[in-house]
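Laboratory data are not the source of any read-out in this text; all were calculated from the coordinates shown. All values derive from a computational prediction rather than experimental measurement. Here the Cβ positions follow ideal geometry from the backbone for every residue, glycine too, while neighbour counts run over all protein chains shown.
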Amino acid sequence: RGGQAQREIPFAQPGSLTRVFAIASGKGGVGKSSVTVNLALAMAQQGLKVGVVDADIYGHSVPAMLGVADARPTQVDDLIMPVPTPSGVSVISIGMLKPRRDQVVAWRGPMLDRALVQMLSDVYWGDLDALLLDLPPGTGDIAISLGQHLPNAEVVVVTTPQEAAAEVAERAGTMASMMHQRVVGVVENMSYFVSPESGEKLEIFGSGGGDRVAATLSQRFGYDVRVLGRIPLDPSLREGGDAGKPIVESDPTTPAAQQLLAIAQGL
Ligand code: ADP
């Protein structure tokens with residue numbers, strides 16, 4: 001908006017009643033987006049008014065997971081209306097700001113910062129109880145921008161049990177703390193797989209990643225960072241994501257969904 005003063009971010013105002021959760025991870029593919037959409041739906045099931053910002057410049061898979069893959073936001077005057085989803089949460093994605101869907105987001109820091117601010121301040125969110133942000137993996141420009149604009153965001157770190165994933169997850173958590181955000185806990189995803197034949201718990205990705213991240217961050221920050229839950233590998237979680245019907249809604253009695261519902265309850 002040339003020359004015009006930028007609109008303020010409502011969630012950063014002192015009196016804001018919206019809790020902001022940033023879902024972060026060290027590396028990609030650990031289930032960060034899946035955790036984001038399921039927590040959003042779980043909170044909506046609690047009766048909360050929930051918005052989701054998909055800020056993952058590499059993936060932007062959140063709209064598809066919420067069943068609105070091809071939706072574009074509408075505009076009313078100079079406000080962008082977030083896309084409503086069948087489950088009642090509203091979503092805006094960095095992918096929706098691109099002129100064309102197949103375009104790659106090849107933006108540098110200042111453009112990414114502008115895109116993030118736009119999703120927070122030029123979108124008409126209404127009165128939200130909770131806003132969840134799906135961050136890109138790692139400690140890049142978006143994470144820094146978010147830290148600057150929303151130091152009040154509470155950060156949930158997602159990792160797998162694997163040593164290598166945990167190590168980078170610790171860096172993402174530390175980065176959030178450097179930006180004065182509070183890390184509220186660690187979600188360990190893909191923790192185990194229950195063999196349908198034997199019922200045996202198989203630790204496909206090893207073990208200990210979640211505990212390791214929680215222990216390291218607790219020690220570093222001087223406050224207690226807990227493991228909020230351990231989500232098993234479950235094909236129906238992936239299927240739910242692919243079909244735009246997250247597992248907490250499509251298959252709520254599964255252990256994976258139960259973990260996600262409990263995590264949302266504890267936040
Ligand atoms: P990220 O956002 O960290 O890149 P995604 O949420 O996109 O990760 O997950 C990567 C892939 O793994 C997706 O296809 C997703 O459905 C699948 N997935 C994530 N968590 C699980 C799980 N617990 N069980 C089975 N599949 C999972």
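Data for the structure
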quantity	calculated
Angle in degrees between helix 163-178 and the longest Cα principal axis of the chain, rounded to the nearest 10	40
P(r) histogram, all alpha-carbon pairs of the chain included - 5 Å bins from 0, percent	1, 6, 14, 18, 20, 17, 12, 6, 3, 1, 0, 0, 0, 0
Long-range HN-HN contacts of Val183 with modeled amide H, under 5 Å	Val155
Gyration tensor verdict on segment 31-150 (Cα atoms; rounded if a/c is under 1.5, prolate if a/b is larger than b/c, oblate otherwise)	rounded
Cα long-axis angle, helix 255-266 against the chain (0 to 90 degrees, to the nearest 10)	50
Whether segment 55-97 is rounded, prolate or oblate, judged on the alpha carbon gyration tensor where a/c under 1.5 counts as rounded	oblate
Sparse-neighbourhood loop sites, trypsin sites (Lys or Arg not before Pro) in segment 1-76 - DSSP loop, at most 11 other Cβ within 10 angstrom	Arg1
Cα gyration tensor shape of segment 181-267, rounded if a/c is under 1.5, else prolate or oblate by comparing a/b with b/c	oblate
Table column - 3J(HN,Hα) (Hz), segment 236-252, Karplus curve with 6.51, -1.76, 1.60, x for Gly and Pro	6, 5, 5, 4, x, x, 5, 8, x, 10, x, 4, 5, 9, 7, 8, x
Inter-part distance where segment 220-267 and segment 115-191 are each reduced to a Cα centre, Å	17
